[in-house]
Amino acid sequence: MSESSLLLPAVSSFLSSSKQLLIDGEWVDAKDGRTFATVNPATEETLVEVSRASAVDADRAVVAARHAFDEKSAWSRTSPRERSHLLWRIGDMIEERTEEFAQLESLDNGKSLASARGDVGVAAELFRYFAGWATKMEGTSIPMSVPGKEFHAYTRREAIGVVAGIVPWNFPLTMACFKVVPAITAGNTVVLKPAEQTPLTALRLGELLLEAGVPAGVVNVLPGYGDAGAALVDHAGVDKVAFTGSTEVGKKIAAGASASLKKVSLELGGKAPNIVFADADLDAAIAGAALAGYFNEGQCCVNGSRLYVQRSVFDEVVEGVAAAARAITVGDAFDPATTMGPLVSAEQHEKVMGYVRGAVADGATLSAGSPDAAADRGYFFSPTLITDVTEQMAVQTDEIFGPVITAIPFDTEDEVVAAANNTVYGLAAGVWSKDLGTAHRVGGRLRAGTVWLNTWHADDVTLPRGGYKQSGWGRELGSFGLDDYTELKTVIAELR
Ligand SMILES: NC(=O)C1=CN([C@@H]2O[C@H](COP(=O)(O)OP(=O)(O)OC[C@H]3O[C@@H](n4cnc5c(N)ncnc54)[C@H](OP(=O)(O)O)[C@@H]3O)[C@@H](O)[C@H]2O)C=CC1
Ligand SMILES: CCCCCC/C=C/C(=O)O
């Protein structure tokens, strides 16, 4: 059956007309009329033309967001209960449209429909989780003592202002919601810049927010390239930048935002170590290592791409992970047999292939996968396991962002902890051991924002996420995530 015959009428209808920018509640062309094509990575065919925002459009969107924040009936002054009810309703609306969002996401990003449905579920849950927080942004009453005088001092949490959310292509809808939901929960207004590879679900989200009753200008959506993102970072009307993406661009954003000392939160690259001790439940560790490395076509910042296995079980684990890699069905998202879709773009495909070819040229061994197994069309890449790797090889040091795991044997705990921490990144890490003392002790020694013990990718919107070292600044989700979207005001009243 052809892919187009499987599309929901709502998806076909969405794709039947070119997409515009959402500014101040209106769908508008880019001021200079430019557009770009968004492409299905499974077929390399254009899905639809999308307006390409420039710095001028960034300014229009920031002005709209500023107005929605500052005006008399401002979003930040809506009652918490009103915001809470609205957020919950949006969660329901997204859930009701799971298949529609999932199809759009799979078409644009390439991920399997099952995977995309999971992402839509996370998006709906984010709205519901933060709906609860809207009414619980509490302050504290603080005792204050000045001889001879009496005071009442307390704190309040207030919105920061206009938030620029700049997001990547690996979880387009989820990442958009990671920024938009806590921001609007706290009363901020938003300009969202989706990645140029995957603008569709952010645009559909924009439509749905308007339909749900989110006022004009509260959430603006600006598809475009890095120049539009940079214009937001530089804009004097933006109070906070919330970014997920590469460490390289994260550094540019931190530098750009520092000129006006904007608040910045950064969720950046990773190269997570996954440590399997000989006393682990090896069946679970093997399945977990494959999931850790290959989830989302390997295009996930918390993926376990560096596998360390204690020497006595190294061969067994490598054989197990290689077999798991070979059991993955790579194909079009719309084929129900598919468990791994294509990589997101030709550029990403080239990058991943280059790393694997480079490792082989440097003497590494491919225990699973082949960079030359190219399909006639589409950016497909077979899940790959590399052995005979050294710590100096680029495949071991760099974030590859593809379905590539490297495996290295180790002998002692101290040796593996040192190797695991020998990276500029610190986003995630994992330990497999039946000895809970070992698991917790080693987990405590790993320099990473998330540590999984005897599991991987177990996650929830209630849990803070973020990185040590060059993996980022701040934490997203959970109550910590909401704090990052508020200013803390201290109020002191003299009681006479
Ligand atoms: N931590 C993570 O979750 C992610 C990490 N990455 C890593 O980054 C590598 C490259 O991917 P790539 O897409 O180029 O990632 P980027 O970091 O370039 O892209 C992330 C977002 O930032 C935007 N952007 C790019 N340059 C600027 C800038 N100067 N100022 C403001 N915004 C900007 C992008 O726009 P646009 O793309 O439209 O130009 C996109 O919306 C991947 O191979 C992977 O290693 C990538 C995605 C997610
Ligand atoms: C709460 C579940 C989050 C799932 C999204 C995974 C995101 C990965 C990433 O940041 O790359």
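The values are calculated or read from the model by the stated rules, or taken from the named source; none is laboratory data. These numbers come from a predicted model, not from an experiment. Cβ atoms come from the backbone with ideal geometry, glycine included; neighbour counts cover every protein chain shown. For the accessible areas, the whole protein counts, side chains as well, though only heavy atoms, and no ligand, DNA or RNA atoms are used. Shrake-Rupley method; radii C 1.70, N 1.55, O 1.52, S 1.80 Å.
Here are some notes:
- The amide H of L192, built 1.01 Å from its N in the peptide plane, has G165, N220, V221, L222 as neighbours under 5 Å, considering only residues 5 or more places off or on other chains.
- In Å², nearest 10: area of D32 left accessible to a 1.4 Å probe: 80 Å²
- Over the chain: helical MRE at 222 nm, DSSP H runs n ≥ 4 each giving -39500 (n - 2.57), nearest 500: -12000 deg cm²/dmol
- DSSP bridge pairs, the chain: antiparallel proportion in percent, nearest 5: 40 percent
- Cα gyration tensor shape for the range 144-186, rounded if a/c is under 1.5, else prolate or oblate: prolate
- Taking amide H as placed 1.01 Å from N in the peptide plane, the amide H of G449 sits under 5 Å from that of L427, A428, Y468, each at least 5 places away or on another chain.
- Kyte-Doolittle mean at least -0.5 and Cα axial length at least 15 Å: DSSP H helices in the chain: 55-70, 113-134, 172-185, 200-212, 247-258, 282-294, 314-326, 346-361
- Using a Förster distance of 35 Å, the FRET efficiency for D70-N422 (Cβ separation, nearest 0.05): 0.15
- Extension gain (nm, one decimal) between K434 and S17, 0.36 nm per residue minus Cα-Cα: 144.6 nm
- In this calculation the C-beta distance from A212 to T412 is compared with R0 = 56 Å, giving a FRET efficiency of 0.50.
- W27 contributes about 80 Å² of solvent-accessible surface, heavy atoms of the protein only, 1.4 Å probe.
- Which of I160, I386, I492 is most accessible, then next, and so on - probe 1.4 Å: I492, I160, I386
- Close amide H pairs (under 5 Å, H built 1.01 Å from N) link F410 with V309, Q310, R311, residues at least 5 positions away or on another chain.
- Value of Rg to Rh for the chain (Rh from inverse mean 1/r over Cα pairs, i.e. Kirkwood): 1.00
- Here A373 and L261 are evaluated by their C-beta separation; at R0 = 35 Å the FRET efficiency comes out at 0.10.
- Ordering T135, T490 by accessible surface, largest first, gives T490, T135; the 1.4 Å probe counts only protein heavy atoms, with every chain in place.
- Within the accessible area of the chain (1.4 Å probe), percent carbon and sulfur: 53 percent
- Entry comment: accessible area of the chain is 39 Å² per residue, from protein heavy atoms only and a probe of 1.4 Å.
- Per-residue ³J(HN,Hα) for the range 259-267, Karplus 6.51 cos²θ - 1.76 cosθ + 1.60, θ = phi - 60°, Hz, x for Gly and Pro: 4, 10, 6, 5, 5, 9, 10, 10, 10
- The range 435-496: mean projected area of Cα convex hull, nm²: 7.2 nm²
- Bins of 10 Å from zero: percent of alpha-carbon pairs in the range 1-154: 9, 22, 29, 22, 8, 5, 3, 1, 0
- Measuring only protein heavy atoms, the 1.4 Å probe finds D411 accessible over about 80 Å².
- Gyration tensor (alpha-carbon) shape descriptor, the range 92-248, a/c threshold 1.5: prolate
- Cross-link reach is defined here as a Cα-Cα straight distance under 27 Å, omitting same-chain residues fewer than 8 places apart; for K31 the lysines meeting it are K19, K179, K193, K240, K252, K262.
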